[in-house]
Structures are given as C-alpha cells and as structure tokens.
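Report on the following structure.
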C-alpha cells in the first residue's frame, strides 16, 4: 500500500476575523503529483505555509511522512524541497553559488553537494548561466533557478507554490516537464496554482480550494464527473430567433442554450452524437453558421458549477 | 553548516553595493575631505611653534627693560617667541610679507600690531597685556614703596620668563583629529547596514529568503550566529581599511598605541553591526523603511557625538541629557579614540570599551530575542 506522505486534518487558520483556511483536510500519497487549485486568496499558500510549520495555525494536525511537522523537526525538513511563490535567492550570489548555498543547508558533504548542484543546474538547463547573478536572468530563468535551489538536495517531497507566475510559455513548459521528471524519479509533488491548464496537464489528483475550503477533491475524471456538463457545443452565427433556441433546448441531453459574444452555446449532459443533432436543427431551418467547436468540460467548468464563479474572475 | 553560512555571508556582504559605498569608499572620501579642510590649519596655526615678532623701540629706557624680558623669553626651554629689533617701516614690510606674526612697539607702554586673528596673535596679545600690567605694578610699587621695587621686578621677570609652550597632555592635542574619530564612529555605525541584512534575511515574515531559510533544516540560532560572525568580519575589514587609510595615507596622528586603536575600531564595528541587527529585528516593516531607520539613527547619533558640529557634544554635556552621550555608541567610540590619544592612564578608555561590549551584547540579545521565533502569525 502506498505510504501517506502528507496528512492534514481539520486545519483552521484565521487572520483576525478572516478565516484563511477553513477546516481543511487532505491526504497525499507517495508518488502523487497533487494539485492544489484555486483562485488567488483561496488559501493555497497559507495551507502550504502551515504545512511547512512556518505559520501558526488555530486548529488541526499536520503530519508529513507519518511524523508531526514542527519547526524544529530538522530530520523531516531535510526530506522536503520548497519552491516558493516569491523567488527566494540572493541577488549578490551567482546562479551556481545560490544553488550551492541552499543545497549546503541540507547536504554537508562537499563532494556530494558539488555533484547535486551540477545535476540541479543541468536539470533546469542553466548550464550557460552559472556565473550570472539573478538580476541578469530573465523571469523564466529566474524561476528555474528558484526551482534548482529547491530541488538540488534531492528531496522526497517537493512543494511548488505557483512556480510559473510571470513565466514565458517556453519556460513554463520546461518547468512542467521538469516536475513530471522529478515525479518519475520518485518524488512526491504538491503543486499549487491558479492556472487550471497546468494543474490539468500534470496533476494526478487535484483539490480545488475556495475561501479556505476544500470544495472538491479527486482525479481529473472524478472532478469532471461531479458536474452536470459533459460537452459544450459553440457555434459562430447570427443571433438565432426564439424558435431555434427552443427547438435546441428540447434535444436529448441538452440542458441549456444561450447566445453571447457572437456564438450560440449549447450545454449537454451526457449522451452521444449531440453535435450532429444540434447542427441538424440549423440545417433543417437553412441557417448559415461559421466555425463549430465541441469542448469537453474543464476544471474551470467544475469550479464554475460548484462556486458559481470563474477561476480567473476571482483573481 | 556554520562555515557554509559564514562563507556565504562574507561573499554576500562583499557584493552588497551599500557596504562597498558606505563602509569603504565613503570614509576614504570624507577622510580625504577632512584632511584637505583641516589638515594644514593645525600645522600652520594651532601647533605650537616659535612666534616671530618685530620690535620697534621708540622709548629707549623702556626698550632696554623690554629687551631684558625678551632675552629671558627667547632663552627659555621650549621658547615660544623670537624677537627682531628693527624700524617701523621694515617691521611693517615684514608683517606684510608674513615674515613676522606681529609688531611690538615700545613707547611708554607696549602696543601690538597684528595682521590677522590667530592663536599666535592671541599669544602676542597676552604677552603685551601681561607686560603692560607688570610694568604698571612696578611703576606703582616704585611710587608707593621704592624699597620693594627690586624684589617685585625680580619676581615678575621670573614669571614672564616661564611663559613657554605647554602641551595639555602627553598625547596628541590636535583638536581636528576629533573629526577623524567621529568619522570612524560613523563608519562603525554605518555597519548597521550589514546587521540589518542579517535580521531581514533570517526572518520568515520579513523576506522570501527568510521564509526559505526557516523551512531549511539548519537551526535558526546556528544560522544567525554564523551570519553575525560573517558580518563582524566584514565590518572589521572595513574599519581596518578606513583606519589604515587615515593613519598611513592621510597621516593623521592616532597616537602611539596603534594596536589598541585598531582593536577599538574593530570593537566599534561590532557595535554598529549589532545595532543594525536589532533595528532589523524590530517590527514588520519593509527593508527600505528599516534601511532608512538605520541611516537616520546612525546620523542622529553621530550628530550628537559632534560629527557635524563639534559644539553639539559640549552642549549635550552641559544639558540635562548629558547621560545620553555616555551610552550613545557614536560618542563612546569617539571618546575611546580620544582617551587613547590623550590620557596616559587607561581608566576612561576601559570605561568606553566596557560600554561598547555591554552595548553590543544588549543589541545582539534583543535581536536574537526578536528573531528567535520559529513560527509566524502572518507572513
């Protein structure tokens, strides 16, 4: 049976009147890439900081690798790698020195450390920038340095808190590929983000947070099954008359039809061949239309249906 | 782990621009400026040297009496005056050419002509006033009790002939050196920058770096002590560079107890860094705000110790806040250099050193108490 790496029970964190984390439960198994998805201010980073024993919390229990996490549990801290939301490196040190410094907080043996530092540099692709100071690096390279500093000591649990904020698409892809590679090498990953595409792309299991609560938990498929929508058909066309929308609403598995921004949206729950039936209605009335899209539900749809708001709207 | 932190603390500080500017370049630049501004004043004007004086005798009888006194003054040990007997025109020419400092004209009384106000002019004024006063005493005595005239003349002649250059102490009396002591105190207190960096970079609620370090497996106390030691080394290097520049390049006389002067400078640097560590540990303000606080506090303390205006120190000493400069690190640092330069015995110097040690310990303790927290209420 897979070992439980992280166990959070009934975690509550208040900032005066504001409840940042509200009776939050979580269990992460070894080898998972676990996504913590939620809009900004939903409590993701606060949860991570409580998990790391950096923040005091009002209630709850936190265990990592079966041990209670405390600020002085240094043996446990050695097994964790943290890549924080804000880049935490020394401006005065070079890329190599920064990685060596942070690796040195975990690894005392010089030879091992040198090997690990070289491997981390190679892993994040900063071989050509080892003598650069952080200020000379682009946003993407800086994020990669931040990651290298967090993973150089080869931790068993890696926590990445929004590591792709303000990063170009090329660097973002490289970072996401790297995370999967670390996971393949045996590390358990906790990945927090408000970018649902990233979480969908790499995470095996996801918890969706809103207002400090864990509002949904499961695999991508499990989360999508929680909602009514299974397919959204959108058609570029002139605004149809009421007869057309009424007719479409009566089609099997169609539960909602709406026109907005030059497109007709038809929402379906289950069923097959929805697209053919919808287009059939238009052809029957000889209505011209442009491009047609059939989209499967996303995590944003899950979030929208559960909370009534878009993930990005909440930022 | 200790040496790892220590090594990187030193590397980091050596690359912090503020450290290079404020702790290395600034003292050298300001020291050079001080030397240019005050250096020659003392050598040319203040330092005791023989005051050349032209003497014009218009009254032969009085002139003979003055010559006897003048001869005694010239022949005294550490003689302060030398006299050239000449006519009025030549005397005025020599005064204009600055070959002499003043002209004493002997009529019924002595009168003095000087070209400018200076300490040497003041010495001449004192001499002339004293001579005229003594002459009046002798004349009055001769009128009232002629039998005592000889005894009075002898006594007064001996009194005048003992006028000579007397140093205030065994040490260096150049009052302008006080500015260099203040400069060293300021460099020491600018070390608050280095202490501030440590506090901010080790507190999880003050910087991302602090938070990152807090989640690492290095005990906070060990990390802080290693960082403080690194900072003390950097600060000491800066103090040694500044002091060496002042002594060897600017040729400022720091007395003959140089090893103790260096030790004092290093201790002063430790006081400065420790103070910065305390300021950095207080409250949850931004780095920029704390940096501004450090600069402001350093400048205020230096102002009170007389860096910008030497009279301030005296005014504070005379006020009901006299106690302040007894604990003001800038004043204590200046006082310790001054004591080493001026006093033969070590009583005042030891008092200053003990004050600096206690101040540093208090600062570090407050800083450690503030930063010891391992969990934060908010980040």
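Since every read-out is calculated from the coordinates, none of them should be taken as a lab result. Everything quoted here is computed from the prediction, not taken from an experiment. For neighbour counting, all protein chains shown are included, and Cβ atoms are generated from backbone atoms with ideal geometry for every residue, glycine included.
Worth a mention:
- Inter-label distance, residue A:132 to residue A:265: 4.1 nm, where each label sits 7 Å from its Cα along the C-beta direction.
- Proportion of all alpha-carbon pairs of segment A:231-296 beyond 14 Å (%): 50
- Chain B: angle of helix B:192-202 to the longest principal axis, Cα-based, in degrees nearest 10: 10
- Between B:254, B:123, B:239, the residue with the greatest mean-square fluctuation in the GNM of chain B (Cα pairs under 10 Å linked by springs) is B:123.
- Axis of helix B:149-161 versus longest Cα principal axis of chain B: the two differ by about 30°, to the nearest ten degrees.
- Among A:192, A:245, A:45, the largest mean-square fluctuation in a Gaussian network model of chain A, built with springs joining Cα atoms closer than 10 Å, belongs to A:245.
- Three semi-axes describe the equivalent ellipsoid of segment B:49-161; taken as square roots of 5 times the Cα gyration tensor eigenvalues and ordered largest first, they are 26, 15, 12 Å.
- Residue list for segment B:272-313, given a label point 7 angstrom along the Cα-to-Cβ vector of residue B:21 and an amide N cut-off under 18 Å: B:287-299
- Where labels lie 7 Å past Cα in the beta-carbon direction, separation of residue B:1 and residue A:9 in nm: 3.0
- Tail weight of P(r) past 30 Å, computed on alpha-carbon pairs of chain A, percent: 44
- Estimated FRET transfer efficiency (residue B:126, residue B:253; beta-carbon r; R0 35 Å; 0.05): 0.85
- Angle between chain A longest axis and helix A:169-184 axis [Cα atoms, degrees, rounded to 10]: 70
- Residue B:150/residue B:346 FRET efficiency (R0 35 Å; Cβ-Cβ; nearest 0.05): 0.10
- Cα shape, segment B:187-252, gyration tensor, a/c 1.5 rule: prolate
- Per residue of A:54-62, other chain Cβ atoms within 10 Å of the residue Cβ number 3 on average.
- R0 of 56 Å, Cβ-Cβ distance residue A:109-residue B:296: FRET efficiency to nearest 0.05: 0.80
- Gain in span if fully extended, residue A:17 to residue A:180, counting 0.36 nm per residue against the direct Cα distance: 54.8 nm
- Evaluated at q = 0.20, 0.22 Å⁻¹, the base-10 log of the normalised Debye intensity for segment A:83-231, with identical point scatterers placed on the Cα atoms, takes the values -1.22, -1.42.
- Fraction in percent of alpha-carbon pairs per bin - 10 Å, segment B:251-340: 15, 39, 33, 11, 1
- DSSP beta bridges confined to segment B:49-161 are antiparallel in about 35 percent of cases.
- Max mean-square fluctuation residue, GNM over chain B, Cα-Cα springs under 10 Å, options B:196, B:183, B:95: B:95
- One way to sum up the overall shape of the protein assembly as shown is the equivalent ellipsoid from its Cα gyration tensor, whose semi-axes run 86, 27, 21 Å, largest first.
- Pairwise alpha-carbon distances in chain B exceed 41 Å for 37% of all pairs.
- Computed label-point distance, nm, for sites residue B:282 and residue A:250 using a 7 Å Cα→Cβ extension: 8.0
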